[in-house]
Amino acid sequence: MGRLTMDALLAGIQNAFALGPLLAIAAGVSIGIFMGAVPGLTAAMAIALLAPITFGMDPLTAVAFLIGIYKGGTFGGSISAILLNVPGSPEATATAFDGYPLSKSGRAKQALQMALFASVCGAILADLMLYAVAGPFSKIALKFGPAELTFVVLFAFTFVAGLTGGSLARGLIACAFGVLCAMVGLDPMSASPRMTFGIVELLDGLPLIPIAIGMLGLAEVMVAAERAFLRRKEVSSDTESSPISATSGPHLSLPEFARHWKTVLRSSLIGSAIGALPGIGASLAAFIGYGTAQKYSKTPEKFGKGTLDGVAAPEAANSAVVGGSFVPLLTLGIPGNVTTALLIGTFLVHGIEPGPHVFKTEPALIYGIFTILFVANFFNLAIGLMGSGLYAHIVKAPEYVSYSIIGLTCMTGVFASTNSIVSLYIMIIFAVIGYLMKKFDYSFVAFLIGFVLAPEFEVSFRSFLLVAQGDPLGLLMTRPIALAFCLLTIVAVLRIVWSEHQRRTRSATSLKNTPDPSSGQKNP
(Lines give C-alpha, C1' and ligand atoms only; values in the text may rest on other atoms or scores of the structure.)
Protein backbone atom coordinates (compact mmCIF):
# COMPACT_ATOMS: atom_id res chain seq x y z
CA MET A 1 0.00 0.00 0.00
CA GLY A 2 2.85 2.33 0.88
CA ARG A 3 4.52 1.47 -2.41
CA LEU A 4 1.38 2.41 -4.37
CA THR A 5 1.10 5.69 -2.51
CA MET A 6 4.74 6.54 -3.23
CA ASP A 7 4.30 5.69 -6.92
CA ALA A 8 1.20 7.91 -7.08
CA LEU A 9 3.08 10.73 -5.32
CA LEU A 10 6.01 10.55 -7.75
CA ALA A 11 3.67 10.35 -10.75
CA GLY A 12 1.71 13.36 -9.48
CA ILE A 13 4.88 15.42 -8.99
CA GLN A 14 6.16 14.43 -12.43
CA ASN A 15 2.86 15.39 -14.09
CA ALA A 16 2.74 18.72 -12.25
CA PHE A 17 6.23 19.65 -13.45
CA ALA A 18 5.35 19.15 -17.11
CA LEU A 19 5.56 22.23 -19.34
CA GLY A 20 1.78 22.62 -19.78
CA PRO A 21 0.85 22.88 -16.08
CA LEU A 22 3.83 25.16 -15.34
CA LEU A 23 2.87 27.59 -18.11
CA ALA A 24 -0.77 27.43 -16.95
CA ILE A 25 0.28 28.30 -13.38
CA ALA A 26 2.33 31.28 -14.59
CA ALA A 27 -0.55 32.57 -16.74
CA GLY A 28 -3.08 32.00 -13.96
CA VAL A 29 -1.02 33.77 -11.30
CA SER A 30 -0.47 36.78 -13.61
CA ILE A 31 -4.18 37.07 -14.36
CA GLY A 32 -5.10 36.48 -10.71
CA ILE A 33 -2.84 39.24 -9.41
CA PHE A 34 -4.26 41.62 -12.02
CA MET A 35 -7.88 40.77 -11.21
CA GLY A 36 -7.23 40.97 -7.49
CA ALA A 37 -5.43 44.30 -7.77
CA VAL A 38 -8.24 46.08 -9.64
CA PRO A 39 -10.86 47.19 -7.07
CA GLY A 40 -14.15 45.39 -7.55
CA LEU A 41 -12.65 42.44 -9.42
CA THR A 42 -11.85 39.18 -7.65
CA ALA A 43 -10.22 35.83 -8.28
CA ALA A 44 -13.66 34.21 -8.18
CA MET A 45 -14.84 36.51 -10.96
CA ALA A 46 -11.74 35.66 -13.02
CA ILE A 47 -12.34 31.93 -12.57
CA ALA A 48 -16.00 32.30 -13.56
CA LEU A 49 -15.03 34.24 -16.70
CA LEU A 50 -12.10 32.07 -17.76
CA ALA A 51 -13.27 28.58 -16.75
CA PRO A 52 -14.77 27.96 -20.23
CA ILE A 53 -11.36 28.27 -21.93
CA THR A 54 -10.04 25.40 -19.78
CA PHE A 55 -12.58 22.91 -21.13
CA GLY A 56 -10.27 21.99 -24.02
CA MET A 57 -7.22 21.48 -21.78
CA ASP A 58 -6.20 18.28 -20.07
CA PRO A 59 -7.51 18.09 -16.46
CA LEU A 60 -4.26 18.86 -14.64
CA THR A 61 -3.41 21.85 -16.85
CA ALA A 62 -6.93 23.25 -16.42
CA VAL A 63 -6.74 22.87 -12.64
CA ALA A 64 -3.24 24.44 -12.64
CA PHE A 65 -4.53 27.50 -14.49
CA LEU A 66 -7.45 28.04 -12.10
CA ILE A 67 -5.34 27.41 -8.99
CA GLY A 68 -2.87 30.02 -10.28
CA ILE A 69 -5.71 32.53 -10.57
CA TYR A 70 -6.88 31.67 -7.04
CA LYS A 71 -3.39 32.10 -5.55
CA GLY A 72 -2.58 35.28 -7.47
CA GLY A 73 -5.94 36.89 -6.78
CA THR A 74 -5.58 36.37 -3.03
CA PHE A 75 -2.35 38.39 -2.97
CA GLY A 76 -3.39 40.89 -5.68
CA GLY A 77 -6.02 42.55 -3.52
CA SER A 78 -3.30 43.88 -1.22
CA ILE A 79 -1.72 46.02 -3.99
CA SER A 80 -4.55 48.54 -4.28
CA ALA A 81 -5.24 48.25 -0.52
CA ILE A 82 -1.68 49.40 0.23
CA LEU A 83 -1.26 51.97 -2.56
CA LEU A 84 -4.78 53.41 -2.84
CA ASN A 85 -6.42 52.52 0.49
CA VAL A 86 -9.03 50.71 -1.64
CA PRO A 87 -9.02 46.91 -1.12
CA GLY A 88 -8.86 45.10 -4.45
CA SER A 89 -10.76 42.18 -2.91
CA PRO A 90 -12.79 41.86 0.32
CA GLU A 91 -10.12 39.81 2.11
CA ALA A 92 -7.61 42.65 1.66
CA THR A 93 -9.67 45.10 3.71
CA ALA A 94 -7.72 44.45 6.89
CA THR A 95 -4.44 44.88 4.97
CA ALA A 96 -5.34 48.49 4.21
CA PHE A 97 -5.47 49.38 7.93
CA ASP A 98 -1.68 49.44 8.18
CA GLY A 99 -0.60 49.07 4.56
CA TYR A 100 -1.83 52.49 3.46
CA PRO A 101 -0.32 54.38 6.45
CA LEU A 102 3.00 52.65 5.66
CA SER A 103 2.73 53.85 2.05
CA LYS A 104 1.95 57.41 3.13
CA SER A 105 5.04 57.37 5.33
CA GLY A 106 7.24 56.44 2.37
CA ARG A 107 7.44 52.66 2.97
CA ALA A 108 5.20 51.42 0.14
CA LYS A 109 7.79 48.96 -1.17
CA GLN A 110 8.27 47.44 2.29
CA ALA A 111 4.51 47.08 2.77
CA LEU A 112 4.03 45.38 -0.63
CA GLN A 113 6.96 43.03 -0.07
CA MET A 114 5.73 42.15 3.41
CA ALA A 115 2.27 41.38 1.95
CA LEU A 116 3.83 39.18 -0.72
CA PHE A 117 6.24 37.32 1.57
CA ALA A 118 3.56 36.75 4.23
CA SER A 119 1.09 35.54 1.58
CA VAL A 120 3.58 33.06 0.17
CA CYS A 121 4.67 31.76 3.59
CA GLY A 122 1.07 31.41 4.79
CA ALA A 123 0.11 29.54 1.62
CA ILE A 124 3.13 27.20 1.83
CA LEU A 125 2.34 26.25 5.43
CA ALA A 126 -1.32 25.62 4.56
CA ASP A 127 -0.38 23.47 1.56
CA LEU A 128 1.97 21.37 3.68
CA MET A 129 -0.88 20.81 6.13
CA LEU A 130 -3.09 19.78 3.20
CA TYR A 131 -0.55 17.11 2.26
CA ALA A 132 -0.63 15.76 5.83
CA VAL A 133 -4.37 15.96 6.53
CA ALA A 134 -6.22 15.23 3.27
CA GLY A 135 -5.17 11.59 2.83
CA PRO A 136 -6.12 10.35 6.34
CA PHE A 137 -9.33 12.41 6.30
CA SER A 138 -10.36 10.88 2.96
CA LYS A 139 -10.12 7.39 4.51
CA ILE A 140 -12.58 8.46 7.20
CA ALA A 141 -14.83 10.00 4.54
CA LEU A 142 -14.94 6.68 2.67
CA LYS A 143 -17.12 5.36 5.51
CA PHE A 144 -19.78 7.97 4.78
CA GLY A 145 -23.09 6.60 3.51
CA PRO A 146 -26.35 8.40 2.58
CA ALA A 147 -27.11 9.27 6.23
CA GLU A 148 -23.66 10.77 6.85
CA LEU A 149 -23.62 12.72 3.58
CA THR A 150 -27.12 14.08 4.25
CA PHE A 151 -26.20 15.58 7.59
CA VAL A 152 -22.72 16.72 6.51
CA VAL A 153 -24.26 18.72 3.66
CA LEU A 154 -27.07 19.95 5.95
CA PHE A 155 -24.42 21.13 8.42
CA ALA A 156 -22.58 22.89 5.58
CA PHE A 157 -25.82 24.62 4.49
CA THR A 158 -26.50 25.85 8.02
CA PHE A 159 -22.93 26.91 8.67
CA VAL A 160 -22.68 28.84 5.41
CA ALA A 161 -26.11 30.43 5.77
CA GLY A 162 -25.41 31.61 9.30
CA LEU A 163 -21.94 33.03 8.77
CA THR A 164 -21.99 34.58 5.30
CA GLY A 165 -25.13 36.71 5.33
CA GLY A 166 -26.45 39.56 7.42
CA SER A 167 -28.68 37.13 9.32
CA LEU A 168 -29.41 33.42 9.54
CA ALA A 169 -32.83 33.90 7.94
CA ARG A 170 -31.39 35.69 4.90
CA GLY A 171 -28.61 33.15 4.59
CA LEU A 172 -31.09 30.27 4.69
CA ILE A 173 -33.33 31.98 2.13
CA ALA A 174 -30.35 32.43 -0.23
CA CYS A 175 -29.27 28.81 0.31
CA ALA A 176 -32.83 27.51 -0.22
CA PHE A 177 -33.10 29.55 -3.42
CA GLY A 178 -29.87 27.93 -4.63
CA VAL A 179 -31.32 24.48 -3.87
CA LEU A 180 -34.54 25.41 -5.70
CA CYS A 181 -32.61 26.50 -8.81
CA ALA A 182 -30.69 23.21 -8.73
CA MET A 183 -34.00 21.30 -8.91
CA VAL A 184 -34.51 22.45 -12.51
CA GLY A 185 -33.95 19.61 -14.99
CA LEU A 186 -34.47 15.86 -14.79
CA ASP A 187 -35.29 14.12 -11.53
CA PRO A 188 -32.14 12.11 -10.63
CA MET A 189 -34.16 9.00 -9.67
CA SER A 190 -37.20 8.98 -11.97
CA ALA A 191 -35.68 10.97 -14.90
CA SER A 192 -38.91 12.97 -15.23
CA PRO A 193 -38.55 16.66 -16.14
CA ARG A 194 -39.34 19.26 -13.49
CA MET A 195 -39.53 23.06 -13.62
CA THR A 196 -38.27 23.13 -17.21
CA PHE A 197 -41.38 24.99 -18.53
CA GLY A 198 -41.08 23.10 -21.81
CA ILE A 199 -37.61 24.51 -22.58
CA VAL A 200 -35.48 21.67 -23.96
CA GLU A 201 -32.22 23.38 -22.98
CA LEU A 202 -33.20 23.18 -19.32
CA LEU A 203 -33.51 19.38 -19.26
CA ASP A 204 -29.85 19.17 -18.17
CA GLY A 205 -30.49 21.73 -15.44
CA LEU A 206 -29.39 25.33 -15.07
CA PRO A 207 -25.71 25.62 -16.08
CA LEU A 208 -23.29 26.74 -13.37
CA ILE A 209 -20.99 28.91 -15.51
CA PRO A 210 -23.65 31.35 -16.87
CA ILE A 211 -25.11 31.68 -13.36
CA ALA A 212 -21.72 32.34 -11.79
CA ILE A 213 -20.66 34.81 -14.49
CA GLY A 214 -23.98 36.61 -14.26
CA MET A 215 -24.02 36.89 -10.47
CA LEU A 216 -20.32 37.60 -10.08
CA GLY A 217 -19.31 39.49 -13.22
CA LEU A 218 -22.32 41.15 -14.80
CA ALA A 219 -23.95 41.98 -11.45
CA GLU A 220 -20.74 43.75 -10.40
CA VAL A 221 -20.84 45.76 -13.65
CA MET A 222 -24.40 46.82 -12.79
CA VAL A 223 -23.33 47.84 -9.28
CA ALA A 224 -20.40 49.85 -10.73
CA ALA A 225 -22.73 51.55 -13.24
CA GLU A 226 -25.10 52.52 -10.44
CA ARG A 227 -22.17 53.81 -8.35
CA ALA A 228 -20.91 55.93 -11.27
CA PHE A 229 -24.43 57.32 -11.89
CA LEU A 230 -24.81 58.33 -8.23
CA ARG A 231 -21.38 59.98 -8.25
CA ARG A 232 -22.35 62.09 -11.25
CA LYS A 233 -25.48 63.27 -9.43
CA GLU A 234 -23.49 64.34 -6.38
CA VAL A 235 -21.91 67.75 -6.51
CA SER A 236 -18.76 67.37 -4.49
CA SER A 237 -15.05 67.89 -4.81
CA ASP A 238 -12.78 65.03 -5.79
CA THR A 239 -11.79 63.38 -2.54
CA GLU A 240 -9.94 60.42 -4.00
CA SER A 241 -6.39 60.12 -2.77
CA SER A 242 -3.64 60.10 -5.33
CA PRO A 243 -1.96 56.73 -5.78
CA ILE A 244 1.44 56.20 -4.23
CA SER A 245 4.38 54.79 -6.16
CA ALA A 246 5.00 51.08 -5.58
CA THR A 247 8.75 51.68 -5.83
CA SER A 248 8.97 54.27 -3.08
CA GLY A 249 10.89 53.57 0.10
CA PRO A 250 13.46 50.96 1.13
CA HIS A 251 13.39 47.22 0.47
CA LEU A 252 12.23 44.74 3.09
CA SER A 253 15.27 42.75 4.16
CA LEU A 254 14.98 39.05 4.98
CA PRO A 255 16.18 39.52 8.60
CA GLU A 256 13.48 42.16 9.06
CA PHE A 257 10.83 39.83 7.62
CA ALA A 258 12.10 36.99 9.84
CA ARG A 259 11.39 39.10 12.93
CA HIS A 260 7.68 38.73 12.18
CA TRP A 261 7.73 34.90 11.96
CA LYS A 262 5.44 34.45 14.96
CA THR A 263 2.75 36.61 13.39
CA VAL A 264 3.03 34.79 10.06
CA LEU A 265 2.93 31.33 11.67
CA ARG A 266 0.00 32.21 13.93
CA SER A 267 -2.04 33.71 11.08
CA SER A 268 -1.20 30.76 8.81
CA LEU A 269 -2.64 28.31 11.33
CA ILE A 270 -5.73 30.49 11.75
CA GLY A 271 -6.25 30.72 7.98
CA SER A 272 -5.75 26.99 7.45
CA ALA A 273 -8.31 26.12 10.12
CA ILE A 274 -10.86 28.65 8.86
CA GLY A 275 -10.35 27.56 5.24
CA ALA A 276 -11.27 23.98 6.18
CA LEU A 277 -14.65 25.17 7.51
CA PRO A 278 -17.24 25.72 4.78
CA GLY A 279 -18.63 29.20 4.30
CA ILE A 280 -16.46 31.34 6.58
CA GLY A 281 -14.10 32.66 3.91
CA ALA A 282 -10.85 34.58 3.66
CA SER A 283 -12.24 37.94 4.83
CA LEU A 284 -13.03 36.68 8.32
CA ALA A 285 -9.68 34.86 8.46
CA ALA A 286 -7.88 38.12 7.65
CA PHE A 287 -9.70 40.06 10.38
CA ILE A 288 -9.15 37.31 12.96
CA GLY A 289 -5.47 37.15 12.01
CA TYR A 290 -5.19 40.93 12.32
CA GLY A 291 -6.97 41.02 15.67
CA THR A 292 -4.89 38.15 17.05
CA ALA A 293 -1.65 39.83 15.96
CA GLN A 294 -2.71 43.03 17.70
CA LYS A 295 -3.63 41.10 20.85
CA TYR A 296 -0.23 39.38 21.10
CA SER A 297 1.81 42.37 19.96
CA LYS A 298 4.15 44.16 22.37
CA THR A 299 3.12 47.44 20.74
CA PRO A 300 -0.62 47.13 19.98
CA GLU A 301 -0.99 50.91 19.90
CA LYS A 302 0.93 50.99 16.57
CA PHE A 303 -1.73 48.97 14.77
CA GLY A 304 -3.71 51.15 12.39
CA LYS A 305 -0.90 53.69 12.22
CA GLY A 306 1.52 51.73 10.04
CA THR A 307 3.17 48.55 11.32
CA LEU A 308 4.44 45.62 9.27
CA ASP A 309 2.76 43.14 11.62
CA GLY A 310 -0.57 44.67 10.57
CA VAL A 311 0.20 43.76 6.95
CA ALA A 312 1.72 40.33 7.60
CA ALA A 313 -1.13 39.03 9.76
CA PRO A 314 -4.11 39.43 7.38
CA GLU A 315 -2.12 38.46 4.29
CA ALA A 316 -0.77 35.23 5.81
CA ALA A 317 -4.26 34.35 7.08
CA ASN A 318 -6.20 34.97 3.87
CA SER A 319 -3.61 33.14 1.73
CA ALA A 320 -3.61 30.13 4.07
CA VAL A 321 -7.37 29.84 3.48
CA VAL A 322 -6.63 28.65 -0.09
CA GLY A 323 -4.88 25.46 1.02
CA GLY A 324 -7.35 24.91 3.86
CA SER A 325 -10.35 25.21 1.54
CA PHE A 326 -9.11 22.24 -0.51
CA VAL A 327 -9.52 19.89 2.47
CA PRO A 328 -13.37 19.73 2.37
CA LEU A 329 -13.33 20.20 -1.42
CA LEU A 330 -11.19 17.16 -2.21
CA THR A 331 -12.14 14.87 0.70
CA LEU A 332 -15.91 15.46 0.89
CA GLY A 333 -16.71 17.31 -2.34
CA ILE A 334 -17.98 20.25 -0.28
CA PRO A 335 -16.80 23.71 -1.39
CA GLY A 336 -15.73 26.06 1.38
CA ASN A 337 -16.23 29.31 -0.55
CA VAL A 338 -17.30 30.78 -3.90
CA THR A 339 -13.99 30.04 -5.61
CA THR A 340 -13.90 26.35 -4.68
CA ALA A 341 -17.57 26.05 -5.65
CA LEU A 342 -16.61 27.25 -9.13
CA LEU A 343 -13.66 24.85 -9.18
CA ILE A 344 -16.05 21.93 -8.59
CA GLY A 345 -17.83 22.82 -11.83
CA THR A 346 -14.53 22.66 -13.74
CA PHE A 347 -13.58 19.39 -12.06
CA LEU A 348 -16.88 17.81 -13.12
CA VAL A 349 -16.45 18.99 -16.71
CA HIS A 350 -13.11 17.15 -16.81
CA GLY A 351 -14.57 14.00 -15.28
CA ILE A 352 -13.12 14.58 -11.81
CA GLU A 353 -15.66 14.05 -9.03
CA PRO A 354 -14.24 15.50 -5.80
CA GLY A 355 -14.76 13.30 -2.77
CA PRO A 356 -13.09 10.48 -0.86
CA HIS A 357 -13.25 8.02 -3.78
CA VAL A 358 -11.01 10.17 -5.99
CA PHE A 359 -8.11 9.46 -3.63
CA LYS A 360 -8.45 5.78 -4.56
CA THR A 361 -9.40 6.06 -8.22
CA GLU A 362 -7.02 8.86 -9.27
CA PRO A 363 -4.31 9.28 -6.61
CA ALA A 364 -1.74 10.58 -9.12
CA LEU A 365 -4.12 13.40 -10.08
CA ILE A 366 -4.69 14.33 -6.42
CA TYR A 367 -0.97 14.45 -5.69
CA GLY A 368 -0.52 16.45 -8.88
CA ILE A 369 -3.04 19.01 -7.57
CA PHE A 370 -1.22 19.12 -4.23
CA THR A 371 2.07 19.75 -6.04
CA ILE A 372 0.52 22.49 -8.19
CA LEU A 373 -0.80 24.22 -5.07
CA PHE A 374 2.72 24.16 -3.63
CA VAL A 375 4.54 25.23 -6.81
CA ALA A 376 2.08 28.05 -7.49
CA ASN A 377 3.35 29.82 -4.36
CA PHE A 378 6.79 30.26 -5.89
CA PHE A 379 5.30 31.57 -9.14
CA ASN A 380 3.27 33.98 -7.01
CA LEU A 381 6.48 35.14 -5.31
CA ALA A 382 8.41 35.62 -8.55
CA ILE A 383 5.64 37.30 -10.54
CA GLY A 384 4.66 39.43 -7.54
CA LEU A 385 8.23 40.71 -7.13
CA MET A 386 8.67 41.42 -10.84
CA GLY A 387 5.25 42.86 -11.57
CA SER A 388 4.35 45.00 -8.54
CA GLY A 389 5.18 48.24 -10.33
CA LEU A 390 3.22 47.25 -13.44
CA TYR A 391 0.15 46.20 -11.47
CA ALA A 392 0.33 49.44 -9.49
CA HIS A 393 -0.11 51.37 -12.76
CA ILE A 394 -2.96 49.10 -13.88
CA VAL A 395 -5.03 49.82 -10.78
CA LYS A 396 -5.18 53.47 -11.85
CA ALA A 397 -7.26 52.61 -14.94
CA PRO A 398 -10.71 54.29 -14.96
CA GLU A 399 -13.63 52.13 -13.89
CA TYR A 400 -15.50 52.64 -17.14
CA VAL A 401 -12.64 51.05 -19.08
CA SER A 402 -12.21 47.95 -16.90
CA TYR A 403 -15.92 47.32 -16.39
CA SER A 404 -16.73 47.76 -20.09
CA ILE A 405 -14.19 45.06 -20.89
CA ILE A 406 -15.63 42.82 -18.16
CA GLY A 407 -19.19 43.22 -19.46
CA LEU A 408 -18.13 42.30 -22.99
CA THR A 409 -16.08 39.35 -21.70
CA CYS A 410 -19.09 38.06 -19.73
CA MET A 411 -21.27 38.00 -22.84
CA THR A 412 -18.72 36.48 -25.21
CA GLY A 413 -17.42 33.99 -22.62
CA VAL A 414 -20.85 32.51 -21.89
CA PHE A 415 -21.86 32.26 -25.53
CA ALA A 416 -18.50 30.80 -26.61
CA SER A 417 -18.60 28.14 -23.87
CA THR A 418 -22.20 27.01 -24.43
CA ASN A 419 -23.05 28.21 -27.98
CA SER A 420 -26.57 28.83 -26.70
CA ILE A 421 -28.70 31.97 -26.60
CA VAL A 422 -30.60 30.45 -23.65
CA SER A 423 -27.37 30.56 -21.62
CA LEU A 424 -27.13 34.30 -22.32
CA TYR A 425 -30.69 34.78 -21.08
CA ILE A 426 -29.88 32.75 -17.95
CA MET A 427 -26.79 34.88 -17.33
CA ILE A 428 -28.72 38.13 -17.66
CA ILE A 429 -31.55 36.91 -15.39
CA PHE A 430 -29.11 35.84 -12.69
CA ALA A 431 -27.15 39.08 -13.09
CA VAL A 432 -30.31 40.95 -12.10
CA ILE A 433 -30.87 38.49 -9.23
CA GLY A 434 -27.25 38.94 -8.12
CA TYR A 435 -27.60 42.72 -8.23
CA LEU A 436 -30.73 42.55 -6.04
CA MET A 437 -29.00 40.15 -3.64
CA LYS A 438 -26.14 42.63 -3.25
CA LYS A 439 -28.57 45.49 -2.66
CA PHE A 440 -30.60 43.64 -0.03
CA ASP A 441 -27.65 41.84 1.62
CA TYR A 442 -28.44 38.25 0.68
CA SER A 443 -25.42 35.98 0.57
CA PHE A 444 -24.25 34.96 -2.88
CA VAL A 445 -21.92 32.42 -1.21
CA ALA A 446 -24.90 30.70 0.45
CA PHE A 447 -26.80 30.66 -2.85
CA LEU A 448 -23.93 29.20 -4.85
CA ILE A 449 -23.01 26.52 -2.31
CA GLY A 450 -26.70 25.58 -2.04
CA PHE A 451 -26.85 25.31 -5.84
CA VAL A 452 -23.66 23.21 -6.11
CA LEU A 453 -24.42 20.82 -3.24
CA ALA A 454 -28.16 20.41 -3.87
CA PRO A 455 -27.92 17.41 -6.27
CA GLU A 456 -25.72 15.46 -3.83
CA PHE A 457 -27.96 16.43 -0.91
CA GLU A 458 -31.12 15.38 -2.75
CA VAL A 459 -29.80 11.94 -3.74
CA SER A 460 -28.33 11.31 -0.28
CA PHE A 461 -31.46 12.47 1.54
CA ARG A 462 -33.84 10.40 -0.60
CA SER A 463 -31.56 7.36 -0.27
CA PHE A 464 -31.46 7.91 3.50
CA LEU A 465 -35.27 7.93 3.65
CA LEU A 466 -35.47 4.76 1.53
CA VAL A 467 -32.97 2.93 3.73
CA ALA A 468 -34.75 4.15 6.90
CA GLN A 469 -38.04 2.52 5.77
CA GLY A 470 -40.21 4.93 7.70
CA ASP A 471 -37.96 5.18 10.78
CA PRO A 472 -35.31 7.88 10.02
CA LEU A 473 -34.74 8.62 13.71
CA GLY A 474 -34.05 4.96 14.47
CA LEU A 475 -31.56 4.73 11.59
CA LEU A 476 -29.91 7.97 12.70
CA MET A 477 -29.30 6.55 16.18
CA THR A 478 -27.32 3.68 14.67
CA ARG A 479 -25.04 6.00 12.64
CA PRO A 480 -22.77 7.88 15.07
CA ILE A 481 -21.11 10.13 12.46
CA ALA A 482 -24.49 11.20 11.05
CA LEU A 483 -25.83 11.75 14.57
CA ALA A 484 -22.77 13.86 15.44
CA PHE A 485 -23.29 16.13 12.41
CA CYS A 486 -27.02 16.36 13.17
CA LEU A 487 -26.20 17.57 16.69
CA LEU A 488 -23.55 19.95 15.31
CA THR A 489 -26.18 21.43 12.98
CA ILE A 490 -28.56 22.02 15.89
CA VAL A 491 -25.78 23.55 18.00
CA ALA A 492 -24.70 25.76 15.08
CA VAL A 493 -28.24 27.06 14.61
CA LEU A 494 -28.64 27.78 18.33
CA ARG A 495 -25.27 29.56 18.54
CA ILE A 496 -25.96 31.68 15.46
CA VAL A 497 -29.44 32.61 16.73
CA TRP A 498 -28.01 33.46 20.17
CA SER A 499 -25.23 35.57 18.61
CA GLU A 500 -27.78 37.48 16.53
CA HIS A 501 -29.92 38.04 19.63
CA GLN A 502 -26.93 39.38 21.59
CA ARG A 503 -25.93 41.65 18.71
CA ARG A 504 -29.44 43.10 18.49
CA THR A 505 -29.53 43.56 22.26
CA ARG A 506 -26.19 45.42 22.23
CA SER A 507 -27.35 47.60 19.32
CA ALA A 508 -30.60 48.45 21.11
CA THR A 509 -28.70 49.23 24.34
CA SER A 510 -26.19 51.48 22.58
CA LEU A 511 -28.99 53.35 20.81
CA LYS A 512 -30.84 53.74 24.10
CA ASN A 513 -27.73 55.11 25.84
CA THR A 514 -26.85 57.50 23.02
CA PRO A 515 -27.90 61.01 24.06
CA ASP A 516 -30.22 62.99 21.83
CA PRO A 517 -28.18 65.87 20.31
CA SER A 518 -31.21 68.13 20.38
CA SER A 519 -31.59 67.67 24.14
CA GLY A 520 -28.20 69.15 24.88
CA GLN A 521 -27.18 66.20 27.08
CA LYS A 522 -23.55 65.14 27.22
CA ASN A 523 -22.12 61.69 27.39
CA PRO A 524 -21.50 60.58 30.98
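Numbers below:
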{"quantity": "Some residue of the range 118-128 being at pLDDT 80 or above, over 22 Å from the mean Cα position of the chain (by Cα) and surrounded by fewer than 22 Cβ atoms within 10 Å (Cβ to Cβ)", "calculated": "no"}
{"quantity": "Answer from 231, 227 - the residue that is at pLDDT below 75, assigned to a helix (DSSP H, G or I), basic (Lys, Arg) and over 30 Å from residue 152 (Cβ atoms)", "calculated": "231"}
{"quantity": "Condition check for residue 213: of a type outside the set (Lys, Arg), more than 18 Å from residue 334 (Cα to Cα) and modelled with pLDDT of 80 or more", "calculated": "no"}
{"quantity": "Residue 511 being over 19 Å from residue 333 (Cα atoms), surrounded by fewer than 18 Cβ atoms within 10 Å (Cβ to Cβ) and at pLDDT 85 or above", "calculated": "no"}
{"quantity": "Residue within the range 107-114 that is surrounded by 24 or more Cβ atoms within 10 Å (Cβ to Cβ), under 26 Å from residue 263 (Cα atoms) and basic (Lys, Arg) present", "calculated": "no"}
{"quantity": "Residue count for the range 53-107, restricted to those that are among the acidic types (Asp, Glu) and over 17 Å from residue 118 (Cβ atoms)", "calculated": "1"}
{"quantity": "The range 349-373: number of residues that are surrounded by 19 or more Cβ atoms within 10 Å (Cβ to Cβ) and either at pLDDT 85 or above or in contact with a Gly (Cβ under 7 Å, 6 or more places away or on another chain) (or both)", "calculated": "12"}
{"quantity": "Some residue of the range 78-91 being more than 22 Å from the chain's Cα centre (by Cα) and either not small (Gly, Ala, Ser) or not in a helix (DSSP H, G or I) (or both)", "calculated": "yes"}
{"quantity": "Neighbours by Cβ (under 6 Å, 6+ apart or cross-chain): first from the range 250-261, under 16 Å from residue 107 (Cα atoms); second surrounded by 10 or more Cβ atoms within 10 Å (Cβ to Cβ)", "calculated": "252/110; 252/113; 252/114; 257/117"}
{"quantity": "Pairs, first under 17 Å from residue 144 (Cβ atoms) in the range 468-492, second small (Gly, Ala, Ser) and surrounded by 12 or more Cβ atoms within 10 Å (Cβ to Cβ), C-beta under 7 Å, six or more apart", "calculated": "475/147; 475/468; 476/147; 476/482; 479/147; 482/147"}
{"quantity": "Selected residue (only one of 17, 55 is farther than 20 Å from residue 223 by Cα and at pLDDT below 85)", "calculated": "55"}
{"quantity": "Single residue of the range 30-52 satisfying the filter (among the β-branched types (Val, Ile, Thr) and within 16 Å of the chain's Cα centre (by Cα)) that is modelled with the lowest pLDDT", "calculated": "42"}
{"quantity": "Check on residue 179, at pLDDT 85 or above, assigned to a helix (DSSP H, G or I) and of a type outside the set (D, E, K, R)", "calculated": "yes"}
{"quantity": "Criterion (over 28 Å from residue 385 (Cβ atoms), crowded, with 24+ Cβ neighbours inside 10 Å and touching a helix residue (DSSP H, G or I) at 6+ places or on another chain (Cβ under 7 Å)) met by exactly one of 346, 331, 339", "calculated": "331"}
{"quantity": "Residue in the range 440-448 that is surrounded by fewer than 17 Cβ atoms within 10 Å (Cβ to Cβ), of a type outside the set (Gly, Ala, Ser) and part of a helix (DSSP H, G or I) present", "calculated": "no"}
{"quantity": "Selection status of residue 259, on the phi < 0 side of the Ramachandran plot, more than 23 Å from the chain's Cα centre (by Cα) and at pLDDT 80 or above", "calculated": "yes"}
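Condition check ((1) of a type in the set (D, E, K, R); (2) in contact with a helix residue (DSSP H, G or I) (Cβ under 9 Å, 6 or more places away or on another chain); (3) without any contact (Cβ under 8 Å) to a residue 24 or more places away in the chain; (4) not in a loop (DSSP other than H, G, I, E, B)) across all residues:
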position	(1), (2), (3), (4)
14	no, yes, yes, yes
21	no, yes, no, yes
24	no, yes, no, yes
28	no, yes, no, yes
31	no, yes, no, yes
41	no, yes, no, no
45	no, yes, no, yes
48	no, yes, no, yes
51	no, yes, no, yes
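The values are calculated or read from the model by the stated rules, or taken from the named source; none is laboratory data. Everything quoted here is computed from the prediction, not taken from an experiment. Cβ: placed from backbone, ideal geometry, glycine included. Neighbour counts: every protein chain shown.
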